[in-house]
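Visitor: Here it is: the structure, laid out below.
The values are calculated or read from the model by the stated rules, or taken from the named source; none is laboratory data. This is a predicted model, so every value here is computed, not measured. Every residue, glycine as well, gets a Cβ built from its backbone with ideal geometry; the counts of neighbours run over all protein chains shown. Accessible surface areas use protein heavy atoms only, side chains included; no ligands, DNA or RNA. Shrake-Rupley method; radii C 1.70, N 1.55, O 1.52, S 1.80 Å.
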Amino acid sequence: MEQKTILSVKGINKSYPGTKALTDVHFDLRQGEVHALIGENGAGKSTLMNIVGGVIKPDSGQIMLNCKEVKFHSPKDAQDAGIGFVHQEIALCPHMTVAENIYMGRIKGNILSMLDFSELNRKAGEILSLFKTGITPQTIVRKLTVADQQVVEIVKALSLDCKILVLDEPTSSLTESETEALFVTIANLKARGISILYISHKMSEIFRICDSITILRDGHFIDSLKVKEISPEIVISKMVGRNITNLYPPKSTKVTEKIIEVRNLTRKGVFNNISFEISKGEILGIAGLVGSKRTEVARAVCGIDQVDSGEVHFEGEKVHFKSYRDAIKRGIAYLTEDRKIEGLFLNLSIKKNITASCLEKVSKFKIINAGAEKNWANSFSEKLRIKLYNVNQKASSLSGGNQQKIVIAKWLSINPKLIFMDEPTRGIDVGAKSEIHDMLRKLSDEGIGIVIISSELPEIIGMCDRVIVMSEGRITGVLDAKDLSEEHIMTYAASSQEHGFAG
Ligand SMILES: Nc1ncnc2c1ncn2[C@@H]1O[C@H](COP(=O)(O)OP(=O)(O)OP(=O)(O)O)[C@@H](O)[C@H]1O
Ligand SMILES: [Mg+2]
């Protein structure tokens with residue numbers, strides 16, 4: 001039986017200066033379905049959802065809720081109409097507790113205007129327990145990991161008792177078990193007749209949990225399809241407008257001299273006895289479950305955090321980086337997993353962001369040469385195919401995936417000899433992903449050492465020539481390209497024993 005249409009958007013147009021974000025877009029959402037919205041970075045997915053969620057107003061078009069036209073003037077209007085929203089970027093108040101964040105704007109005091117905090121904490125605890133994380137309602141948000149903050153965002157939307165829930169890339173920083181918990185929650189909501197709009201670049205998720213898909217390309221509606229009637233290949237080709245055959249470039253053919261050797265690095269209580277080396281021409285992967293301390297190892301090698309013991313030899317010389325600045329001077333870059341906090345200056349222009357780490361390249365006598373700055377930024381924007389209007393635009397005006405590309409451009413700008421990339425393609429669409437992968441292979445062939453930390457096993461397997469697997473702060477296995485498989489990696493990732501390691 002065809003379920004009834006609960007939300008219908010028609011003829012939506014939205015322009016920004018220099019960009020037509022949406023052109024005459026339409027789609028229908030039925031009651032109790034999980035409906036995916038997909039498209040490349042900058043296709044207009046978040047813009048469309050922001051219109052449905054009352055965050056921005058369309059230039060024209062209609063939103064019909066239960067066959068009646070609605071006009072939202074604020075997110076509150078949409079909320080009152082039963083639309084819950086988990087945004088692509090986390091937007092919690094860092095200094096408030098989890099419970100306060102969840103019920104913010106809806107907290108009512110009693111007659112004496114006293115807040116019943118214990119009631120608030122109890123209610124928040126109830127929904128949080130669905131996710132089986134260690135998050136307590138009383139925790140101050142800034143003390144949580146990005147993954148846990150994302151859980152709080154989701155719990156906040158769930159607490160609204162909505163009829164339609166919009167999830168914009170909700171799993172981009174969730175751990176495996178939190179993703180599973182979210183999928184169980186989605187199934188429960190669906191069973192209760194709640195409709196879900198689901199944005200993701202992960203095809204496997206879409207084919208697992210969604211009932212139908214609407215595809216956008218360059219702000220245009222391309223198609224709406226039932227998931228059980230199509231394949232990922234069809235979806236990808238409709239989304240990018242061409243066939244993508246080779247998802248990953250060929251593996252390394254020539255390994256030459258050693259770039260870095262890390263020996264028995266230990267940071268007490270965090271990681272232990274970490275040893276590995278990287279040579280020119282190879283891409284090293286670090287795999288492991290979220291929380292296995294892969295990021296911490298990268299940060300320590302780059303001088304961001306200090307270690308208790310162990311040695312790092314870089315280009316044949318023992319080094320001790322007192323700060324990240326020291327490492328950058330030697331040509332070591334670290335691309336952070338959290339672009340919003342550590343990677344990007346959202347309020348600055350694209351060109352300022354790209355040149356932030358290589359100012360000497362665009363200045364003379366300490367004065368920035370505006371022309372050089374612009375050319376530099378333009379050349380990287382073209383190389384990475386960043387979808388922009390011009391490089392003077394603020395970084396905040398780019399779509400999420402294109403912001404991630406800016407972070408990559410920024411670190412490539414310093415001409416690194418070694419680059420650690422922590423979840424480099426998070427939030428990046430399939431087409432752009434394969435471009436970035438090709439580019440990484442090319443850089444590696446040119447002699448730049450590349451380390452990829454990724455939770456996406458296909459990416460690790462497709463890209464790396466050697467992989468170290470970590471679990472609970474230790475290396476539990478080392479795999480050569482020929483031995484790479486999801487099963488092997490997962491066995492080591494779930495293990496707490498060391499299985500010996502090669503260099
Ligand atoms: N405030 C803004 N000012 C100018 N342009 C904007 C603004 N917000 C979005 N855009 C542009 O509108 C287009 C659509 O962006 P949107 O964020 O909707 O893409 P998306 O499909 O969500 O991409 P992603 O997968 O990268 O998140 C992009 O070209 C983007 O740069
Ligand atoms: Mg988006």
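Visitor: Looking at (1) closer than 24 Å to ILE260 by Cα; (2) not in a loop (DSSP other than H, G, I, E, B), which is the one condition that is false for SER455?
Guide: Condition (2) is where SER455 drops out.
Visitor: Please verify whether ILE367 is among the β-branched types (Val, Ile, Thr) and surrounded by fewer than 14 Cβ atoms within 10 Å (Cβ to Cβ), treating the condition exactly as stated.
Guide: Working: among the β-branched types (Val, Ile, Thr): yes; surrounded by fewer than 14 Cβ atoms within 10 Å (Cβ to Cβ): yes.
So ILE367 passes the test.
Visitor: Considering each residue of segment 386-410, count those that are open to solvent by 60 Å² or more (accessible area, probe 1.4 Å) and either in contact with a helix residue (DSSP H, G or I) (Cβ under 6 Å, 6 or more places away or on another chain) or outside the structural domain of ALA356 (by TED's automatic domain parsing) (or both), and give that number.
Guide: Adding up the residues that qualify gives 1.
Visitor: Still on this structure, I have one more. Has segment 438-448 got at least one residue that is over 16 Å from ILE278 (Cα atoms) and either crowded, with 20+ Cβ neighbours inside 10 Å or within 16 Å of ligand 1 (Cβ to nearest atom) (or both)?
Guide: no
Visitor: For segment 334-349, how many residues meet the condition of being modelled with pLDDT under 75 and not β-branched (Val, Ile, Thr)?
Guide: Initially, segment 334-349 is screened for residues modelled with pLDDT under 75, giving 338-342.
Among the residues that remain, those that are also not β-branched (Val, Ile, Thr) are: 338-340, 342.
The qualifying residues number 4.
Visitor: Given the condition within 16 Å of ligand 1 (Cβ to nearest atom), of a type in the set (Phe, Trp, Tyr), assigned by TED's automatic domain parsing to the domain that holds VAL86 and over 24 Å from the mean Cα position of the chain (by Cα), answer yes or no: does some residue in segment 198-218 qualify?
Guide: no
Visitor: While we're looking at this one, here's another question. Restricting attention to segment 460-477, which residues are within 18 Å of GLU282 (Cβ to Cβ) and touching a strand residue (DSSP E or B) at 6+ places or on another chain (Cβ under 7 Å)?
Guide: Listed by number, the residues that qualify are ILE460, MET463, CYS464, ASP465, ARG466, VAL467, ILE468, VAL469, ILE475, GLY477.
Visitor: Here's a follow-up. Does LEU29 count as away from ligand 2 (no atom under 16 Å from the Cβ), within 25 Å of GLY427 (Cα to Cα), aliphatic (A, V, I, L, M) and at pLDDT 95 or above? I'd like the intermediate steps shown before the answer.
Guide: Values: away from ligand 2 (no atom under 16 Å from the Cβ): yes; within 25 Å of GLY427 (Cα to Cα): yes; aliphatic (A, V, I, L, M): yes; at pLDDT 95 or above: yes.
So LEU29 passes the test.
Visitor: Do you know which residues across segment 139-173 are open to solvent by less than 20 Å² (accessible area, probe 1.4 Å) and either more than 16 Å from ligand 1 (Cβ to nearest atom) or outside the structural domain of LEU37 (by TED's automatic domain parsing) (or both)?
Guide: Hits for segment 139-173 are VAL141, ALA147, VAL151, VAL152, ILE154, VAL155, ALA157, CYS162, ILE164, LEU165.
Visitor: Could you name every one of the strands (runs of 3 or more DSSP E) located completely within segment 312-430 that has at least 2 residues being without any contact (Cβ under 8 Å) to a residue 24 or more places away in the chain and away from ligand 2 (no atom under 16 Å from the Cβ)?
Guide: 317-319
Visitor: Since VAL34 meets every condition but one in (1) more than 16 Å from ligand 1 (Cβ to nearest atom); (2) open to solvent by 30 Å² or more (accessible area, probe 1.4 Å); (3) of a type outside the set (Lys, Arg); (4) at pLDDT 90 or above, which condition does it not meet?
Guide: (2)
Visitor: Follow-up question, since we're still on this one. Report yes if some residue within segment 51-69 is within 11 Å of ligand 1 (Cβ to nearest atom), part of a strand (DSSP E or B), modelled with pLDDT of 90 or more and surrounded by fewer than 16 Cβ atoms within 10 Å (Cβ to Cβ); otherwise report no.
Guide: No: zero hits.
Visitor: With a cut-off of at least 2 residues that are touching a Lys or Arg at 6+ places or on another chain (Cβ under 8 Å) and open to solvent by 20 Å² or more (accessible area, probe 1.4 Å), name the strands (runs of 3 or more DSSP E) lying wholly within segment 190-305.
Guide: Strands (runs of 3 or more DSSP E) meeting the threshold: 220-226, 271-279.
Visitor: Any idea which of (1) closer than 30 Å to LYS238 by Cα; (2) within 26 Å of the chain's Cα centre (by Cα) is the one PRO75 doesn't satisfy?
Guide: If we test PRO75 against (1) closer than 30 Å to LYS238 by Cα; (2) within 26 Å of the chain's Cα centre (by Cα), just (1) comes out false.
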